[in-house]
Amino acid sequence: MPKVKNIEKKIYDVEGFEVVIKHDGKDVRGDASLPTQYAGQRMTKNSASVSDFNEKFQRQYPGYTVDVLKGDGSKAAGQTKLSTVRDTYLDDEE
């Protein structure tokens, strides 16, 4: 069973943004395990919102949610487009 920190890293590698996995509103420890690795193979569409991504995540991991983080580490609002979130990481690389 993959560890939460490895799932969070896989999401970053596939999606291009960091997340914090939560259960009952609390952060799940990085050394905890979930039943399966993140199944996404391709980046979720840029036009999708943070809420859309959270719904996608919950379909794979029922009972869990994610906070999508912007490049500065702050939580992105639900209506924020994923393209906007990804752009916040580009500023770090310049």
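Quote to one decimal, in nm, the extra length available between Lys56 and Ser74 on full extension: 0.36 nm per residue of separation minus the C-alpha distance between them.
Roughly 4.4 nm would be gained on extension.
Give the lysines whose C-alpha is closer than 27 Å to that of Lys3, dropping any in the same chain fewer than 8 places away, or say none.
Of all the lysines, those that pass the test against Lys3 - Cα under 27 Å, at least 8 places apart if same chain - are Lys22, Lys26, Lys45, Lys56, Lys70, Lys75.
Could you give the length gained on full extension between Asn46 and Met1, defined as 0.36 nm per residue of separation minus the Cα-Cα distance, in nm?
13.2 nm
How about the range 36-87: which trypsin sites (Lys or Arg not before Pro) there are in a DSSP loop, with at most 13 other Cβ atoms within 10 Å of their Cβ?
For trypsin sites (Lys or Arg not before Pro) across the range 36-87 that sit outside H, G, I, E and B with at most 13 neighbouring Cβ atoms in 10 Å, the list reads Arg42, Lys45.
With everything on Cα atoms, drop me the angle between helix 82-93 and the longest principal axis of the chain, reported from 0 to 90° to the nearest 10.
Here the helix axis deviates by roughly 80 degrees.
Given the DSSP H assignment, sum -39500 (n - 2.57) over each helix run of at least 4 residues in the chain and divide by its residue total; what's the result at 222 nm in deg cm²/dmol, nearest 500?
My calculation for the chain gives -11500 deg cm²/dmol from helical runs alone.
Quick one: what are the phi-derived ³J(HN,Hα) couplings along the range 48-54, Karplus 6.51/-1.76/1.60 with θ = phi - 60°, whole Hz, x for glycine and proline?
Those phi angles translate into 6, 8, 4, 4, 4, 5, 4 Hz.
Calculate one ³J(HN,Hα) per residue across the range 13-21 by plugging θ = phi - 60° into the Karplus curve 6.51 cos²θ - 1.76 cosθ + 1.60, and present them in order as whole Hz with x for glycine and proline.
Computed from phi, the couplings for the range 13-21 are 5, 7, 8, x, 8, 8, 9, 10, 7 Hz.
Give me the Debye-computed log₁₀ of I(q)/I(0) at q = 0.12, 0.13 Å⁻¹ for the range 4-93, equal point scatterers on Cα only, no solvent, two decimals.
Values returned for q = 0.12, 0.13 Å⁻¹ are -0.32, -0.38.
Here, each number is a calculation from the coordinates, and none is a lab measurement. Keep in mind it's a predicted model, so treat the numbers as computed, not measured. Note that we place each Cβ from the backbone using ideal geometry, even for glycine, and neighbour counts take in every protein chain shown.
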